[in-house]
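Asks: Sharing a structure, written as structure tokens. Questions coming.
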Amino acid sequence: MEKIKRNILLNPGPATTTDSVKLAQIVPDICPREKEFASMMKGIREDLVRIVHGKQDDYTAVLFCGSGTINMDVCLNSLLPANKKILIVNNGAYSTRAAEICTYYGLPYIDLKFPVDQLPNLEKIEETLRSNHDIALVYTTHNETGTGLLNPIKEIGALAHKYNAVFVVDTTSTYAMRPINVYDDNIDFCMSSAQKGIMAMTGLSFVVGRRSVIEASKEYPKRSYYCNLFMQYDFFEKTGEMHFTPPVQTIYATRQALDEYFQEGEGSKWARHTRVFEEIHKGLNALGFKNYIKREWQAGLVVSAIYPDDENWDFEKVHDYCYNRGFTIYPGKISTTNTFRLCALGAIDEQDIRDFFVVFKEALLHNGITVPVKYNK
Ligand SMILES: *Cc1c(COP(=O)(O)O)cnc(C)c1O
């Protein structure tokens, strides 16, 4: 087979994958209702619980065919008992998306907003929980991928539990990268998508959560058919299969990606992402770029750099120059400040970042942008 061109994706997912994961999708045709396929999914579900150090009796992984947002939808619409409320701790675009999902379903929720470049105020969270006894579910985002800010989930989870609420965290952009322990981090439900931390393909997403809560949710109001957590869980438990057609080839890639995850190991993988992240900072600093989020608040996976004040700056042009040379950079997701993002996920290492900065600097000079870049204030 011809060699597959290796692109370095610095966007926040899908990530650069290994060739072995790409090629794992090329398998003989199979009907996913076969026992062989169910047994592969069983192993995947168990491994997904293992990654966040859950015990199989306490936690389970439920797979869905869809992009990462399906997990958010599933958790929000399925885990709210009747006559109860959701508290969203919101300091970014992804928690705002969660609030939107609640609006679409007509779920009662409190949107507790904090500035997108700040950590949430724990006292305000506690005050809200204290004065709203009907909050049954607390929701937040671990790494706000739009900015790269890391939220204090352990502390927010502790507050949720103190007020008897279930804690749901969107860990889509930290899972299988930044080490997570569901017990230490006070997580009842977390989630991710195969194309992010585990470095597989798009189309498969998963919720990892407490079995006892999922079982209790059988009695909660049903608000979606395709995206109901208990229904999918129950079908998996009874038959070992997804209720409806799974993304077959993506699941083969996921099997391979999980084998590679455990071969690399949690600690070494996080160390590699950290090396990449440090190298991104080094490169940006050398070119004079400013960070949007305070360095000590960054999750170690996404760097948001502020657009320089240069009349020749044109993100599209810089992007295209890099893209044509195998490097993908990504715009920011902040309404008030113009930023672009460089992300440390995927099967890449520090040398890839050094190679990127050679091209990136060329892209700046090629477009007449002053290096080091300038800011007016
Ligand atoms: C990527 C991501 C998602 C899912 O986005 P999709 O485009 O639906 O895959 C959800 N939450 C966070 C924090 C993410 O980074």
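The values are calculated or read from the model by the stated rules, or taken from the named source; none is laboratory data. Just so we're clear, the structure is a prediction, and the values are computed from it rather than from any experiment. Glycine also receives a Cβ, built like all others from the backbone with ideal geometry; neighbour counts cover every protein chain displayed. To get the accessible areas, we keep the full protein, side chains included, count just its heavy atoms, and leave off ligands, DNA and RNA. Shrake-Rupley method; radii C 1.70, N 1.55, O 1.52, S 1.80 Å.
Asks: Nearest 0.05, what FRET efficiency do ALA216 and ALA286 give at R0 = 51 Å with Cβ-Cβ as r?
Replies: 0.45
Asks: Using only alpha carbons, build the gyration tensor for the chain and give me the equivalent ellipsoid semi-axes, biggest first, whole Å. All intermediate terms of the calculation are to be shown ahead of the outcome.
Replies: Working: eigenvalues 242, 151, 53 Å².
Listed largest to smallest, the semi-axes of the chain are 35, 27, 16 Å.
Asks: Calculate what fraction, in whole %, of the accessible area of the range 238-293 sits on carbon and sulfur atoms when a 1.4 Å probe is rolled over the protein chains.
Replies: Whole-percent figure for carbon plus sulfur exposure: 53.
Asks: So if R0 is 35 Å, what FRET efficiency would ASP309 and ASP111 give, r being the distance between their Cβ atoms, rounded to the nearest 0.05?
Replies: 0.55
Asks: Hey, another quick one. For the range 275-342 and the range 198-227, what is the separation of their C-alpha centers, rounded to whole Å?
Replies: After rounding, the separation between the Cα centres reads 34 Å.
Asks: Counting C-alpha atoms alone, how compact is the range 1-137: give Rg to one decimal and Dmax as a whole number, in angstrom.
Replies: In order Rg, Dmax, the Cα atoms of the range 1-137 give 20.1, 63 Å.
Asks: Could you work out the longest stretch of the chain that avoids the GluC sites (Glu not before Pro) located in DSSP loops with at most 13 other Cβ atoms within 10 Å?
Replies: After excluding every exposed loop site, the longest remaining stretch is 35-310.
Asks: Using bins 5 angstrom wide from zero, how does P(r) for the range 155-200 break down, in % of all Cα pairs?
Replies: Taking every Cα pair in the range 155-200, the percentages come to 5, 23, 29, 19, 13, 8, 3, 1.
Asks: How much length, in nm to one decimal, is gained on full extension between ASP134 and ASN7, taken as 0.36 nm per residue of separation minus their Cα-Cα distance?
Replies: Roughly 40.8 nm would be gained on extension.
Asks: Show log10 I(q)/I(0) for the range 1-51 at q = 0.13, 0.19, 0.21, 0.22 Å⁻¹, two decimals, from a solvent-free Debye sum over equal Cα scatterers.
Replies: At q = 0.13, 0.19, 0.21, 0.22 Å⁻¹ the computed log10 ratios are -0.52, -0.92, -0.98, -0.99.
Asks: Do any trypsin sites (Lys or Arg not before Pro) in the range 79-112 lie in a DSSP loop with no more than 10 other beta carbon atoms within 10 Å, and if so, which? Before the final figure, lay out each step's value.
Replies: Numbers: sites: LYS84, LYS85, ARG97; in loops: LYS84.
Taking the range 79-112 and a limit of 10 other Cβ atoms within 10 Å, no loop trypsin sites (Lys or Arg not before Pro) are found.
Asks: So how strong a dipole does the chain carry about its Cα centre when Lys and Arg Cβ are +1 and Asp and Glu Cβ are -1, to the nearest 20 debye?
Replies: Numbers: 42 positive and 46 negative charges, 43 e Å.
Dipole about the Cα centre, nearest 20: 200 debye.
Asks: Helix 35-51: angle to the longest alpha-carbon principal axis of the chain, degrees 0 to 90, nearest 10?
Replies: 70
Asks: Cα-based Rg (one decimal) and Dmax (whole number) for the range 8-87, in Å?
Replies: 16.7, 50
Asks: Same structure, new question: Count the DSSP beta bridges whose two residues both fall in the chain, then state the antiparallel fraction as a percent rounded to the nearest 5.
Replies: Values: 23 of 40 bridges.
Here the antiparallel bridges make up roughly 60 percent for the chain.
Asks: In nm, to one decimal, how far is the modelled label at ASP184 from the one at GLU296, with both set 7 Å along Cα→Cβ?
Replies: 2.1
Asks: Still on this structure: For every helix of n ≥ 4 consecutive DSSP H residues, a contribution of -39,500 (n - 2.57) applies; sum these over the chain, divide by its total residues, and give [θ] at 222 nm rounded to the nearest 500 deg cm²/dmol.
Replies: Mean residue ellipticity, 222 nm, calculated: -12000 deg cm²/dmol.
Asks: Now, a different point. Between VAL358 and ILE26, what is 0.36 nm times their sequence separation minus the Cα-Cα distance? Round to one decimal in nm.
Replies: On the way: separation 332, 0.36 × 332 = 119.52 nm, distance 3.49 nm.
That works out to 116.0 nm of additional length.
Asks: Expressed as an acute angle from 0 to 90° and rounded to the nearest 10, what is the orientation of the C-alpha long axis of helix 229-239 relative to the principal long axis of the chain?
Replies: Taking the Cα atoms of the chain, the angle to 229-239 is about 70 degrees.
Asks: Tell me, what is the percent relative contact order of the chain, built from C-alpha pairs under 8 Å that lie six or more residues apart?
Replies: Relative contact order for the chain comes out at 24 percent.
Asks: If you don't mind, there's one more thing I want to ask. How many nm is it between the label spots at TYR226 and HIS161, if each spot is 7 Å from the Cα in line with the beta carbon?
Replies: Calculated label separation equals 3.6 nm.
Asks: Let me ask another. Tell me the per residue accessible area of the range 142-221 using a 1.4 Å probe; a whole number in Å² is fine.
Replies: With the other protein chains kept in place, the range 142-221 gives 27 Å² per residue.
Asks: Return the FRET efficiency for the residue pair TYR323, THR274: r is the Cβ-Cβ distance, R0 is 25 Å, and the value is rounded to the nearest 0.05.
Replies: 0.45
Asks: Additional query: To test your reading of the geometry: what angle, between 0 and 90 degrees and rounded to tens, separates the Cα axis of helix 93-105 from the longest principal axis of the chain?
Replies: 40
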